1. In the set B:165, B:132, B:173, which member is within 14 Å of chain A (Cβ to nearest Cβ), at pLDDT below 95 and surrounded by fewer than 16 Cβ atoms within 10 Å (Cβ to Cβ)?
2. So residue A:150 ticks every box in (1) free of Cβ contacts under 8 Å to residues at least 24 places away in the same chain; (2) surrounded by fewer than 20 Cβ atoms within 10 Å (Cβ to Cβ) but one. Which box is left unticked?
3. Is there a residue being closer than 27 Å to residue A:7 by Cβ, open to solvent by 70 Å² or more (accessible area, probe 1.4 Å) and of a type in the set (A, V, I, L, M, F, W, C) anywhere in region B:136-143?
4. Of the conditions (1) open to solvent by less than 60 Å² (accessible area, probe 1.4 Å); (2) more than 14 Å from chain A (Cβ to nearest Cβ); (3) closer than 28 Å to residue A:85 by Cα, residue B:183 satisfies every one except a single condition; which number is it?
5. Output the qualifying pairs, or none if there are none: Cβ atoms under 6 angstrom, residues six or more apart or on different chains, first residue in region B:200-225 and assigned to a helix (DSSP H, G or I), second residue open to solvent by 60 Å² or more (accessible area, probe 1.4 Å).
6. Under the condition of being part of a loop (DSSP other than H, G, I, E, B) and of a type in the set (Gly, Ala, Ser), which residue from region B:89-118 is surrounded by the most Cβ atoms within 10 Å (Cβ to Cβ)?
7. Return a yes/no flag: does region A:2-20 have any residue that is outside any helix (DSSP H, G or I), away from chain B (no Cβ under 14 Å) and basic (Lys, Arg).
8. Checking residue A:36 against (1) open to solvent by less than 60 Å² (accessible area, probe 1.4 Å); (2) in contact (Cβ under 8 Å) with a residue 40 or more places away in the chain; (3) outside any loop (DSSP other than H, G, I, E, B); (4) closer than 21 Å to residue A:224 by Cα, which single condition isn't satisfied?
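The values are calculated or read from the model by the stated rules, or taken from the named source; none is laboratory data. Being a predicted model, the structure only gives us computed values, none of them experimental. We place every Cβ from the backbone using ideal geometry, glycine too, and count neighbours over all the protein chains shown. Note: accessible area is taken over every heavy atom of the protein model, side chains too, but ligands, DNA and RNA are not part of it. Shrake-Rupley method; radii C 1.70, N 1.55, O 1.52, S 1.80 Å.
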Amino acid sequence: MISSRKLYSDVAREISEQIQTKAYSAGEKLPSERELAETFGVSRPTVREAIIALEVLGLVKTVTRSGVYVADAPPAQVRTTDLDIGPFELLEARILFEGEVAALAARNITDEEIESLSAILDQLGVLNGRNDHSPALDRAFHVGIANCSRNASMVDAIETLWTMGEQSALCRHMHERKRNADWRPQEREHGGILAALAARDPAQARKAMRDHLSRVISEIMDATETELITKAREEISEKFRGIADRHPSISRKKTKISKTVSLAP
Amino acid sequence: MMEELEAEKTYQKVYRDISNKISSRVYKVDDRLPPEKELAKLYGVGRPTIREAMIALEVLGLVESRHGSGVYVTQREPPIVEHRPRFELPDIAEARLVFEVEAAGLAAVAPEEQDLDDLRVLVSTLERGGADASGAERDFHLIVARAAHNVAVQTVVRRLLDHQDAALAAQYDQDPHALPAYAPSTAYAEVLAALEQRDPPAARRAMQSLVALLVERLLEQAEAALVRRTLKDFRNRRDALIRRIAAED
């Protein structure tokens with residue numbers, strides 16, 4: 001149960017202070033993400049943002065599958081006052097606002113605008129095929145939808161949100177980590193949004209937009225966790241190879257590492 | 001429609017530029033402005049556009065047409081400064097209605113005691129009415145957005161309120177009859193109650209009612225102001241034209 005809606009920067013600041021007052025010493029392992037979420041009364045995505053922000057600041061490092069550790073030589077002076085907005089915080093706002101804007105767009109959209117949005121999706125499709133990305137095209141799609149609302153204030157709001165994301169180093173950093181993720185869900189979802197708009201169905205447009213942005217949140221969570229899972233698999237693989245070397249009777253056949261392997265200590 | 005807007009913009013550009021020159025004493029009081037033909041060449045526009053600009057300057061009280069000899073600067077500072085706000089009240093109103101409802105829903109999830117305390121103070125101020133009520137009105141919305149604990153939500157709401165202030169200031173400049181708009185204090189109290197109960201659906205409903213009432217008042221005032229301004233502009237232009245015709249006889 002989330003008891004407070006602290007921002008990641010509040011959590012980061014507190015952990016940073018704990019590190020600087022030596023409540024945690026250099027190299028010490030921090031509690032798990034789940035435990036930290038409970039302690040601070042925030043969601044796991046918020047803890048994730050805080051940890052990565054601290055990593056970027058050089059205060060912690062993610063070393064093994066199960067842990068985040070205080071850096072060996074954490075910087076003495078760290079400014080946690082001007083932290084950028086986190087991607088989950090931004091996406092939360094976008095879910096609310098872009099959802100409504102999509103609903104309004106569905107009421108007003110013209111055939112020309114549908115064509116034009118469709119062309120943007122085609123271009124995105126071409127890039128996806130080459131494993132290429134274009135944040136600018138993604139923005140053009142979303143702002144293009146906002147323009148269909150016929151409300152300059154709402155367009156301004158959506159553009160503001162996108163600009164905040166572009167200006168946030170933490171957002172860029174975390175989005176970058178999902179660069180190599182499968183592009184097909186996004187393509188499907190964009191298509192779903194456009195279909196709802198073409199059908200002039202406000203409720204469906206709202207839902208399609210919200211679902212899309214919610215999944216982006218999951219994707220970033222996965223992408224920033226993948227390293228830990230990948231590391232986990234590599235480590236287990238290593239261990240297994242070591243055992244197989246020592247016991248030739250054990251088959252070297254690759255085993256499937258179950259996804260249900262718990263990562264929590 | 002677009003051509004009309006373009007033409008309108010051009011004469012505005014011209015009269016603003018001349019108005020600035022008058023403010024900065026490039027043209028001093030009692031100076032004669034360059035003749036129409038020269039101004040047309042200078043600004044690269046048609047003579048009708050220059051005439052429009054002259055009428056606007058006359059309406060603003062900056063220049064006067066003197067019988068036979070041309071247009072003279074009469075006053076240095078324009079009595080009315082016409083700002084064209086970037087965003088218009090109907091758009092702002094619709095955006096507030098939609099976005100603030102979402103913000104309220106989020107705020108109701110886990111508002112902090114400080115947020116609730118601040119809102120209680122504001123509701124009291126609004127109940128009393130009086131001079132500080134308009135500040136309290138704006139602050140109420142800002143603090144609900146703050147209680148959502150999302151910097152992006154806060155930024156969007158704050159921008160909307162700023163845009164609204166700009167639009168209202170422009171309206172007030174041209175029409176000092178405008179009064180600040182409020183909803184009845186019970187509407188604010190209901191939003192507060194929903195936040196205290198941590199009830200997001202109730203918060204959304206209450207905020208919807210509050211903003212709807214507010215927006216209705218704002219738009220009524222805007223409509224009245226527009227009618228007054230349009231009449232005034234029309235009469236000024238009519239009078240200026242009649243003076244011209246009389247002067248040319």
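1. B:165
2. For residue A:150, the failing item is (1).
3. The answer is no, given that none of the residues of region B:136-143 is closer than 27 Å to residue A:7 by Cβ, open to solvent by 70 Å² or more (accessible area, probe 1.4 Å) and of a type in the set (A, V, I, L, M, F, W, C).
4. Answer for residue B:183: the failing condition is (3).
5. As it stands, the answer is B:206/B:190, since those pairs meet every condition given.
6. B:108
7. Looking through region A:2-20, none of the residues is outside any helix (DSSP H, G or I), away from chain B (no Cβ under 14 Å) and basic (Lys, Arg).
8. Unmet for residue A:36, out of (1) open to solvent by less than 60 Å² (accessible area, probe 1.4 Å); (2) in contact (Cβ under 8 Å) with a residue 40 or more places away in the chain; (3) outside any loop (DSSP other than H, G, I, E, B); (4) closer than 21 Å to residue A:224 by Cα: (2).
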